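Colleague: Handing you a structure now.
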Amino acid sequence: MSFIKTILSSFKNIHFQSLLGNGVMAVFGVVTIAILYRALPVKEIGLYVFFMMIWGLVDTIRSGFLTIAFVKFYSGTTRERADEVIGSAWCFALIITGCCILLNMLTFSLSSYITNEGMILFLQYFSLISLATLPLFMANLVVQGDKRFDRLLWLRLINQVFFTGTVIVLIFLKKASLTSIVLTFIGSNFIASLCVLCLGWTRVGAIRKMTRSCFMEIFHFGKYSVGSGLSANLFRVTDAFFINFFLGPSALAVYNLGGRLMQIIEIPLMSFAASGMPSLSTYYNNGQKAEMMYVMKKMIGMLSICILGIAVVSIIFAEPIIGLIGGAKYMDTEAPNLFRIFMTMAILFPADRYFSLGLDVIHLPKINFYKLLIMLAVNLTADYVGIAIFHSVYAVAAADVFPVIVAIIIAYFPLNKFHNFSFWGMYVVGYKELVLFVRKIYFTLFNRDKALNN
C-alpha cells in the first residue's frame with residue numbers, strides 16, 4: 001500500500017507532472033515519426049522535416065517573446081495583475097499572428113519563383129498553422145503559469161492523439177502523402193485549440209484587462225528573452241538549411257533521424273525547465289538570491305548526471321535504436337553515428353538551458369540576446385567550414401558543439417557576478433542531491449514496508 005501511495009503522491013508533484021507530460025508527448029512523437037519514416041519515401045521525409053523545422057523556428061519566435069516573460073510577470077502575483085498579464089499577452093500574440101499572416105500574403109506570390117519544394121510547402125500553409133495554433137499556445141502559457149501541468153498533459157494529448165491517429169488511418173487507407181500529413185498537422189492543432197477555448201483554459205476573456213504599460217513591459221523583456229527560446233531551435237534550422245541546399249533532402253532525412261532521438265534528452269530538459277522557471281522567478285521576486293542559485297545549480301548537476309547515463313547507453317546501442325525507429329534501411333547510413341555525436345554533446349545542454357533561464361530571471365535578457373547572435377555566427381561559420389571541407393552531415397553535427405560551449409562561457413560570468421559559484425560545484429551539488437533523492441525513494445518504498453510489518 002505504501003508503494004501505491006508513493007506513486008499516487010508523485011502525480012501531485014509539478015516536476016513529475018511536467019516530466020510525465022513531455023514524456024507522453026515524446027512517445028507519441030517517436031511513434032509518429034517511426035510510422036512516417038516507413039510510410040513516405042526518403043525525399044518526402046526530408047521535405048517534411050524541412051517544413052517542420054521552419055515552422056518550429058517561427059513558432060519559437062512567438063514562444064520566445066512570450067513564454068518566459070509571461071511566466072516571470074505572472075507567477076506569484078495578485079489576481080488583478082495576473083489578468084493584466086494574460087490580457088496583454090493575448091494582444092501580443094494576436095499581433096504576432098497578424099504579422100505572420102501579412103508576411104505570408106506578401107511572400108506567397110513569390111512561391112512561383114522558388115524551386116525548393118520545402119520552401120514552397122511552407123509558404124502555402126504558413127498562415128493557416130499560425131491561426132490554428134494560437135489558442136493552444138495561449139492555453140500552454142496559462143496552465144504553465146498556474147503550474148497546472150496536469151492540464152498541460154491533457155491539452156497536448158488532445159493534439160497529439162488526433163494527429164497520430166489520423167496519420168495511421170491515412171496510411172491504412174493508402175492516402176498518406178506529404179500534403180495530407182501537413183493538413184493533418186494543421187487540423188489536429190485546430191481541434192485542440194477549439195477544445196481549450198471551450199474549456200476556458202485560454203482565459204481569452206482577460207484580453208479586456210490588458211494595459212499598455214504591461215504590454216510594453218512584456219515587449220521590452222521579450223525582445224531580449226526571445227534569444228533563450230530561439231537558441232536550440234535556431235541552430236537546427238541553420239543546420240537544416242545547409243544540409244537541404246548543399247546535400248539534399250535525403251541527407252536531411254538521415255540527419256533528422258539521428259537528431260530526432262534527442263527527445264530522450266529534451267524530455268527532462270523541457271520538463272524541468274518549464275516547472276523550474278516559476279520556482280526561480282518566485283525566489284528572485286522574494287529576494288532569496290542564494291536559494292534561487294542553489295536550485296539552478298542543483299537542477300543543472302542532477303540533469304547532467306542523468307543525461308550522462310542515458311548517453312552512455314544510447315551510444316552503445318545506437319544501431320538497434322535507429323533500426324527500431326527508422327527501419328532497417330537507415331541502420332547502414334550515417335544516422336547511428338549522428339545519434340552518438342548528438343548524445344555526447346547533450347551532456348552540456350542542462351548548463352546552457354538553465355544559464356539562459358537564470359539570466360532571464362535576474363533581469364539580464366539582453367545578455368541572452370547578444371549571446372544568441374554570437375552563437376549564431378559561430379554556428380554558421382562552423383557549418384560552412386564543415387560542409388566546404390568535408391561535404392558531410394557529420395561535419396554539420398559536430399559543429400553544433402562550438403556554439404553551446406560559447407554560450408556557457410558567456411552566461412557563466414554574469415551569473416557568477418550575481419552570486420559566486422564554481423562551474424564544477426554545480427555537478428557536486430547535483431550528485432549530492434541525486435544521492436539524497438535515490439535514498440529517499442529507497443527509504444519510502446522499502447523501509448516503510450519493513451516498519452509496517454514489524
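The values are calculated or read from the model by the stated rules, or taken from the named source; none is laboratory data. Model, not experiment: these values are computed from the prediction. Neighbour counts are summed over all protein chains in view; Cβ atoms, including those assigned to glycine, are modelled from backbone coordinates with ideal geometry. SASA here: full protein model, heavy atoms, side chains in, ligands and nucleic acids out. Shrake-Rupley method; radii C 1.70, N 1.55, O 1.52, S 1.80 Å.
Colleague: Restricted to segment 16-74, and to residues that are at pLDDT 80 or above and among the basic types (K, R), which residue is nearest to the chain's Cα centre (by Cα)?
Modeller: Here the residue is R62.
Colleague: I want to confirm something. Restricting to segment 293-314 and keeping residues that are buried (at least 16 other Cβ atoms within 10 Å of the Cβ) and β-branched (V, I, T), which single residue is farthest from L36 (Cα to Cα)?
Modeller: Residue satisfying both the conditions and the ranking: V295.
Colleague: Now for a separate question. Which of the residues spanning segment 164-186 are surrounded by 14 or more Cβ atoms within 10 Å (Cβ to Cβ) and of a type in the set (V, I, T)?
Modeller: T164, T166, V167, I168, I171, I181, V182, T184, I186 - these are the residues of segment 164-186 that are surrounded by 14 or more Cβ atoms within 10 Å (Cβ to Cβ) and of a type in the set (V, I, T).
Every residue, every condition in (1) among the aromatic types (F, W, Y); (2) open to solvent by 50 Å² or more (accessible area, probe 1.4 Å); (3) under 19 Å from the mean Cα position of the chain (by Cα), yes or no:
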| position | (1), (2), (3) |
| --- | --- |
| P350 | no, no, yes |
| H363 | no, yes, no |
| F369 | yes, yes, yes |
| I409 | no, yes, no |
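Colleague: Can you say whether L324 is open to solvent by 10 Å² or more (accessible area, probe 1.4 Å), at pLDDT below 90 and of a type in the set (A, V, I, L, M, F, W, C), as far as the supplied structure shows?
Modeller: Spelling it out, L324 is indeed open to solvent by 10 Å² or more (accessible area, probe 1.4 Å), at pLDDT below 90 and of a type in the set (A, V, I, L, M, F, W, C).
Colleague: Ok, one more. Could you please find all residues in segment 104-119 being modelled with pLDDT of 80 or more and either surrounded by 13 or more Cβ atoms within 10 Å (Cβ to Cβ) or outside any helix (DSSP H, G or I) (or both)?
Modeller: Across segment 104-119, the qualifying residue is only N104.
Colleague: Identify all residues within segment 51-81 that are hydrophobic (A, V, I, L, M, F, W, C) and either open to solvent by 10 Å² or more (accessible area, probe 1.4 Å) or touching a strand residue (DSSP E or B) at 6+ places or on another chain (Cβ under 7 Å) (or both); write none if there are none.
Modeller: Listed by number, the residues that qualify are M52, M53, I54, W55, L57, V58, I61, F65, I68, F73.
Colleague: Quick check on this structure: which one of F418, F355 is open to solvent by less than 20 Å² (accessible area, probe 1.4 Å) and in contact (Cβ under 8 Å) with a residue 40 or more places away in the chain?
Modeller: Testing whether each residue is open to solvent by less than 20 Å² (accessible area, probe 1.4 Å) and in contact (Cβ under 8 Å) with a residue 40 or more places away in the chain leaves just F355.
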